Each structure stands twice: as structure tokens, then as C-alpha cells.
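Reviewing the structure listed below.
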Amino acid sequence: MAALSQHVAVPLRLLLVRHGLSSFNVERRIQGRDDLSTLTAAGEDQARRLGQALVDVPITAVYSSPLKRAASTAAGILEARHDGLEPSFDQGLLEIDLEPWSGLTAAERSERFPEDFATWKRTPETLELTRKDGSRYQPYEELMTQARSFLDELVRRHPVNSDDTVLLVGHNAILRCLIVSLLGQPDQGFRRLRLDNASLSIFNLSPQDDGHQVQIECLNSTAHLDPPLPAKTAGSRLILVRHGETNWNREGRFQGQIDIPLNSNGHAQAEAARGFLQSVSIQKAYSSSMSRPRETAEGILKSHPGIAITQTDGLMEIGHGLWEGKLESEIKADWGDLLEQWKRAPETVQMPEGETIQDVWERSVASWNAIASSLDSTETALVVAHDAVNKTILCHLLGLSPADIWAVKQGNGGVTVVDMPSEPGQPAVVACLNLTSHLGGVIDRTAAGAL
């Protein structure tokens, strides 16, 4: 996947929404493509809450799965709007076809289809099921084909240079397949993602020579719901935060390893993150050894007194070398070709007297893994670091590569949550990514800065 520069305007925005809590969700029944499940009262309220969160976001078009639980969610979201929007129902947003399992509880599925159920949990792409007519099929592969076809048609209707914002209302598996497809089908990509009921994920697409570039603006945001974060799973949890704003972020200077402190807005962002996370149980805290992440961590931990911050050099920002302290216009004047290469293919660039993104990847992922391995399953740790550091960690967690760092957005004061696996061989799950609603609105309005 090509690199996406944060300095390039993003013309097409996709708002991906999973339907609200349904009757089958409550009963823990397999829904699949059957249309027997309906929204609960709680699910209807979730849809209305999301609609209120999106009420000031201009939306060009709405596409929804025709299944009742998705159609009702789309209706609830649009209830608060007065712009005449109506959903178009699209078969491309239908949920995965799990015909032999439809209507079964999770316990019944586990009891009647133990081997298939284990395969679905561990390697869904290899699962084969038998339909009632006796034919064998691979539900995940069918759904991935459906997702790719839907995206192809969507981009035909709404080109990536159209400046459109499109709302897509669907289901857990189809939306995860859409995301996996957008990200270039990383290894175990489906299992690395989580989408809660009535969650919002935002993807930005912009044109490039051989197709389009992709950026995750946020993933699985439930900040408009109560509680605002997805429930913790059986393993340990890490809350990854980018430091608050500095004056150099605001000015667009490359700061790298120059130790610039937070500005007043950065302290306000740390305070907003503190309020957002104040009800979360946190046992440990880590930060880069630089002042801006440490100050951010100190602000957040005002609601968690007594927790010491462990500082580590492995989480320091990328060393920009001779670019540090300079504006992009100044770098362009002296290193124009190298700057364009950094935007287009960051994995190929050696910063003048500085680091490569591979250097940052190796030390940041090693630090992340050391922190994660030190936690027991009951613990949650706060980790505060920098733009490039967080991007490399998240690319690692999503199954991406150093070439893909522009695919991940990290706003100043943005909150990301990662749940570590409790089962050997399974990847960590990015429970949510770059939540910035506590900083004002569902769209990330933090400073573009410079990386």
C-alpha cells in the first residue's frame, strides 16, 4: 500500500458504522445473513446517539445493508438530520453467510461444530461450511470478494477526488472485510480488528497514480456511547496516547528529538484525555523520555494518583537529523527530492544525520513488546509517545509494514486502545484507534504538524 502524506488533502471520507445492539446480540445468537434479528431499545438509542454525534458532519450519501438491524440503525442515525438524506440499500453490505450456524447460540455452535468453531476463531480465512443443499463454501473468502466488489463500485460512484463523505451502515464481519481490503489484506487482518455495536470508523481515501491512498482517521470509536471505550477482554490492555500539542506542532516544524514542551493547548488536550480516561482502571504508566509525552502522561494521571511513570528512550520520536527545527518549506528548499520521497515512500528514506523509519520501528516495537509482556492479564497500562513511534507500533499491530506509516493517523491527545491476546498464536486486537472526540467532535481537528 502506498504511503499517504499527512500534508495531502483527503477528498473522500468513509464513515463505517456497525448496527446497534440487536436482539440476537443480546441472546448471543449467530445472526449471519438471516433477517430475524431486530434492534433492541438500547440499539435504537445507540443509533440516535451516533446520529447526534454526526449531526454537524456533512454527508453526501448513505448506503446500508438491507437487513432490518442495519436499516433501523441507518434510520436512527438520520433522525436528527434535516438534509433529506435517505439510505440506499445495497446487497454489498450484507453480513457474512453462516447458513449452518444461523440462529444458534455461541454455546450451541461450539457444541455442535467444535472444529469449525475453533477454525473460525483462529483462522477464519480457512473455514469451510456445508450449506443445506450439501455444497461446500468458504464464508470468509466469499465475503472478501463481496467487500472488494462493493468498494470498487463505491469508488466508481464516489471517486476519490469527489470530496464526498459517505456513510456505510453494515455488520461486524462485512465491515471488517472492507477495512482489511482497504488496508491491502494484511496477514491475520480480520482478527486484528474489533467493531462494537454502533461504533464509528473513519477512513480517508485520496488519489494516487495507481489507485488510491488510505488513511485510518479513527477506528471503532464508541466515544458517543456509555461507556465510551470498548469493554476490556481477558488479556492485558494498553492505552496508547500521542502527546499533546506543542508550538512546533502548531507551526508545522519538524521537532524530532529536540525536546519541545507542550503549549497551553497541549496541556488542555492532556486534561481532556484525563477526563475521557478518568473512569478507566490503570495500573502502570510509561512514556517516552522526552518532556512532551511525559507532561501529557502526568496530566492524564491526575485522575490516577500514585502511579509512577516509567520513561524509556525506545519510545523517543524519530530523529530527523538536519531537518529538526525546520519548516517544511525550508526542508523543501534544501532537500526537495528527499522530502517528496519521505512523503511517497518513507521506508526508503535515511534522514540526513538522522534515523530511518526502520530504526524507529525496531526500537519502538521492542519497547512496546517489553511493556506488554510485563503486564498480567488483569492490568491496563498507559503508554504516551509520539507520532512516528505510535504509527510504527500500530502498523506492527495491524499487520502492516514500515511503508504504511501514513495509513495511520495520530492526533495530538488522541487515544488508542489495544487488547493483548489471551490465547497463544492470536494477534493483539486494536480495540479502537485515534479517538479524538474528547477534543471536540468526531472528526480529528488536531494540528497537522510535521513528521
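The values are calculated or read from the model by the stated rules, or taken from the named source; none is laboratory data. Everything numeric in this text was worked out from a predicted model, so none of it was measured. In this analysis, Cβ positions are derived from the backbone assuming ideal geometry, glycine residues included, and neighbour counts consider all displayed protein chains.
Points worth noting:
- Qualifying residue in segment 28-40 (condition: within 23 Å of Pro228 (Cβ to Cβ) and either under 23 Å from the mean Cα position of the chain (by Cα) or loosely packed, with under 14 Cβ neighbours inside 10 Å (or both)): no
- Of note, Thr165 satisfies the criterion of being of a type in the set (Ser, Thr, Tyr), surrounded by fewer than 24 Cβ atoms within 10 Å (Cβ to Cβ), in contact (Cβ under 8 Å) with a residue 12 or more places away in the chain and more than 29 Å from Gly425 (Cα to Cα).
- Condition met for Ala147 (assigned to a helix (DSSP H, G or I), in contact with a Leu (Cβ under 6 Å, 6 or more places away or on another chain) and aliphatic (A, V, I, L, M)): yes
- Scanning segment 124-163 for residues that are of a type in the set (A, V, I, L, M) and touching a strand residue (DSSP E or B) at 6+ places or on another chain (Cβ under 8 Å) returns Leu129, Leu154, Val155, Val160.
Condition check ((1) more than 25 Å from Leu195 (Cα to Cα); (2) surrounded by fewer than 24 Cβ atoms within 10 Å (Cβ to Cβ)) across all residues:
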position	(1), (2)
Met351	yes, yes
Val360	yes, no
Val415	no, no
Val429	no, yes
Thr436	no, no
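- Of all residues in segment 266-304, those that are touching a helix residue (DSSP H, G or I) at 6+ places or on another chain (Cβ under 8 Å), part of a helix (DSSP H, G or I) and free of Cβ contacts under 8 Å to residues at least 40 places away in the same chain total 6.
- Search result, residues across segment 198-223 that are in contact with a Gly (Cβ under 9 Å, 6 or more places away or on another chain) and surrounded by fewer than 23 Cβ atoms within 10 Å (Cβ to Cβ): none
- Unique match (being closer than 24 Å to Leu183 by Cβ and touching an Asp or Glu at 6+ places or on another chain (Cβ under 7 Å)) among Val389, Val415: Val389
- Only one of Glu108, Glu125 that is more than 23 Å from Ser149 (Cα to Cα), surrounded by 13 or more Cβ atoms within 10 Å (Cβ to Cβ) and at pLDDT 95 or above: Glu108
- Enumeration of residues in segment 363-386 that are charged (D, E, K, R) and either over 24 Å from Thr296 (Cα atoms) or in contact with a helix residue (DSSP H, G or I) (Cβ under 9 Å, 6 or more places away or on another chain) (or both): Arg363, Asp376
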